[in-house]
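**Student:** Can you read through this structure? Questions will come right after.
Every number here is computed from the coordinates shown, using simple stated rules; none is lab data. This structure is a prediction, so every number in the text was calculated from the model and none was measured. Virtual Cβ from ideal backbone geometry, glycine too; neighbours counted across all protein chains shown.
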Amino acid sequence: MLHDLGYTEFEKIVDTFTASEQSAFFGSAQQRLGIQQDKAVQYLATIGKMTKELFQIVRDIKLLEEREDMYKLASAEDDGAEKALKGVWIDFIDNGPQGIKASSVYGLASQIGFTVLPDLFFAAPANLKKEEVSGHVKSLDFNEKVKTALVRKLEQYVAWRDATAKEITSKKKFTIQYLRQHYDAIKLYTDWVKPYLRNVKRLGMDPEKQLSADIVGAFEGSVVEIEVLAKKPGNPHACVLMTFYYRTRAIMQTGQDYQRGPAHVGRMEMTLRGYVWTDEEIKNYRELKMAEDFEMLKSIDTSIEQAMDYLGDKLVEYLKAAGEKFGEEDRQEELARFLHKNKKTSTMEEARSKAKKILGGEKKSDQGSIASIFKGFADLGKELGGGFIPSKNAAKEAKKEEERIKEEKEKLVGGVISSIGLAYDIYKKAHRFFVP
């Protein structure tokens, strides 16, 4: 009825229900609630496990980076890095997990005649090439048995070093890509769990109404409350706040498609209130009504955000290296889509370039950095239709706008009152109610 009177925008503010504990409606609702809760718990457990694994993946990448740095320094003939790599080779390759082997560098050093072998092994030049090993060993003034053992160990070490240098770089790239995949999977599971948490919230009974005198636990009874805000276009809006309070007896029935559902029979109280509200006032009222809703959703996002904060800039750096976008890049992409959608550019590439320029994404000299920031905002204001930079008469314009809203509100009050009366009068006539 209100839609025909020009109220084209409708927002549902409240939608709650409560049933007595012994009613069939309560049992049916609790079965559905249990299914939603089980799925939500499964997803939350997976999110928690994957968030924990995120720490290990970042730690593995850091270890790979440290090893990669050692290889780079060793290739630059850094003696310390070369000796560190030799130590890694002896600990994990030459000896192995079972301890010191008899054929290893340190194992041979315990035998008579090979005591000097570890010193000769670590004293070999940094970044020694495979073809240079034999020449280096021949130049040493030691017996042939020691030289034979040394050339064998150096050949094995150099082959391992050259092979693993490429392997470490490839493994690091793969692990970073896997980190992004893992991170995207966490976000995907978070998106999946949110509908279930909303359903759990909506299927849950209102505890305040369960204590109401309208609900008796031993009887078949239910209370449903719905609140809808109807508003006309503009700012301020002519608004009608409709509240429906149902106190009913829910009778479970089976339809032709064998689906069971409640048929509500009882009393309905309808309250219509008229307001003239601005966009800000409507937002404040909505937030007041929904202040405590979906706290669990916020806690999930917060926990992931805290994990990212703990891991620090390295996580963001790795994700960016894998192609993930954050912060400034997201804003640039969003502005580019806006510019292209509003036909400010002919192609998306041109839109991205313009967005980057507007938001100050291009590198400029430090001398002009402050000026470029303000120039960027001015350009953005021009692109979006002007008015981005506050004018000198901002206070005067704000006062003028306030007076305009006040005048508009006064004009709309009479229309809201007549709309409520007319809608209610026609509603009663349409349903053959008594009309005085």
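**Student:** Quick one: net charge around F142, please, counting Lys, Arg +1 and Asp, Glu -1 for every other residue with C-beta under 15 Å from its C-beta.
**Tutor:** Taking every Cβ under 15 Å from that of F142, the sum is +2.
**Student:** Is the C-alpha gyration tensor of the range 75-127 telling us rounded, prolate or oblate? Criteria: a/c under 1.5 is rounded; beyond that, a/b larger than b/c is prolate, otherwise oblate.
**Tutor:** The shape class here is oblate.
**Student:** Charges at C-beta only: +1 for Lys and Arg, -1 for Asp and Glu. How large is the resulting dipole of the range 123-244 about its Cα centre, in Debye rounded to 20?
**Tutor:** 880 debye
**Student:** Nearest 0.05, what FRET efficiency do Q210 and E269 give at R0 = 22 Å with Cβ-Cβ as r?
**Tutor:** With R0 = 22 Å, the Cβ-Cβ based efficiency is 0.70.
**Student:** Calculate, in nm to one decimal, what F142 and A109 gain on full extension: separation in residues at 0.36 nm each, minus their alpha carbon distance.
**Tutor:** In short, 10.4 nm is gained.
**Student:** Nearest 0.05, what FRET efficiency do N284 and K72 give at R0 = 60 Å with Cβ-Cβ as r?
**Tutor:** Efficiency, rounded to the nearest 0.05: 0.55.
**Student:** Classify the range 1-152 as rounded, prolate or oblate from the Cα gyration tensor: take a ≥ b ≥ c as the square roots of its eigenvalues, call it rounded if a/c is under 1.5, otherwise prolate when a/b beats b/c and oblate if not.
**Tutor:** prolate
**Student:** Sticking with this one: Please sort by residue number the GluC sites (Glu not before Pro) in the range 41-97 whose DSSP state is loop and whose Cβ has at most 13 other Cβ atoms within 10 Å.
**Tutor:** E77
**Student:** Let me ask something else about it. What is the extension gain from Q177 to Q31, computed as 0.36 nm multiplied by their sequence separation minus the C-alpha to C-alpha distance, in nm to one decimal?
**Tutor:** 48.4 nm
**Student:** Taking the Cβ of K72 as the center, what net charge do the other residues with Cβ under 13 Å away carry, scoring Lys and Arg +1 and Asp and Glu -1?
**Tutor:** Counting the neighbours of K72, the net charge comes to -3.
**Student:** Suppose R0 equals 25 Å; then what is the FRET efficiency for F434 and M1 from their Cβ-Cβ distance, rounded to the nearest 0.05?
**Tutor:** The pair F434/M1 has a calculated efficiency of 0.90.
**Student:** Also, quick follow-up: Using the structure shown, list the pairs from K39/K289; K232/K406; K72/K172; K187/K356; K72/K356; K356/K396 with a Cα-Cα distance above 24 Å, or answer none.
**Tutor:** Over 24 Å Cα-Cα: K39/K289; K187/K356; K72/K356; K356/K396.
**Student:** In debye, nearest 20: dipole of the range 64-139 around its Cα centre with unit charges on the Cβ of K, R (+) and D, E (-)?
**Tutor:** Dipole magnitude for the range 64-139 comes out near 400 debye.
**Student:** Dividing the Cα convex hull volume of the range 393-436 by residue count, how many Å³ per residue is that?
**Tutor:** 56 Å³
**Student:** Grab the Cα-Cα distance for A45 and A84, subtract it from 0.36 nm times how many residues apart they are, and report the gain in nm with one decimal.
**Tutor:** Going from the current span to full extension adds 9.9 nm.
**Student:** On to the next question. Count the net charge of all other residues whose Cβ sits under 9 Å from the Cβ of E9, scoring Lys and Arg as +1 and Asp and Glu as -1.
**Tutor:** +1
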